[in-house]
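I have placed the structure first, in the form of structure tokens, so that the comments after it can refer back to it.
Each reported figure results from applying straightforward, stated rules to the coordinates on display, with no laboratory input. In this text, all values refer to a predicted model and were calculated from it rather than measured experimentally. Ideal geometry is used to build each Cβ from the backbone, glycine not excepted, and the neighbour counts take in all protein chains shown.
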Amino acid sequence: MNSKIKYGLLVAILVVGGIVGYNYYSLYQTKKYSPADKAIYETSEIYMEVDYCRPSKAGREIFGDLVPYGRWWRTGANEPTQIELTRDISFSSGTLKAGLYSLVTIPESDSWTIIFNNRIPDWGTYYYPKDDELRVIAPVESLPVPVEQFTIDFTEVDGSPIIIFAWDLVKVSLPFEVR
């Protein structure tokens, strides 16, 4: 191999390595402030997992300011929030088939529209309404004490499962049934 080809290959390897290294460093930097987390709901009937990142309140006004009312929100930070379920589930407005979805929301002061979308973008700043699988509206509850880090969790009330979204002084509960 002549020296020009070797030099060209070395430069290409260094450039690609630099780009990959920078991307990993950037991802580490954003995860430092909004760490990744998982919420898991598992019974003998179903396994559900929500992968999301948890931004902090950090003294900011969240809903109506940082997260504007009436506009879609990636429901977390960094990469898109994803939900995967092994069985169909139903909500008041319809059934969500088993599968993997991105999850976005449209917060309002009194309710949220929770959207399960068939498309999962590379980063959390894109949303494709034409690929919506299901939209569900849930009321907003006020919390007496602020939640510092955005949290998605599961709970059960009288044996019925519920997805919980909580941040700042806001809590949204989304009950569902396993089909």
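Points worth noting:
- Set of aspartates and glutamates with alpha-carbon distance to LYS171 below 14 Å, sequence-local pairs under 8 removed: GLU108, ASP110, GLU141, GLU148, ASP153
- Computed FRET value (nearest 0.05) for THR95 with LEU66, which takes r as the C-beta separation and R₀ as 45 Å: 0.85
- Figure legend: label point modelled 7 angstrom from the Cα of GLU108 along Cα→Cβ; residues of segment 58-80 with amide N under 20 Å from it are 62-75.
- Student exercise, segment 34-178 dipole from Lys, Arg, Asp, Glu Cβ charges, in Debye to nearest 20: 400 debye
- Extension gain (nm, one decimal) between LEU143 and THR155, 0.36 nm per residue minus Cα-Cα: 2.7 nm
- In plain terms, the bigger the Kirkwood radius, the slower the diffusion; for segment 34-178, with that radius from Cα pairs, at 37 °C and 0.692 mPa s, Stokes-Einstein puts D at 215 µm²/s.
- Each of ILE40 and ASN118 was given a label point 7 Å from its Cα along the Cα-to-Cβ line. The distance between the two points is 3.0 nm.
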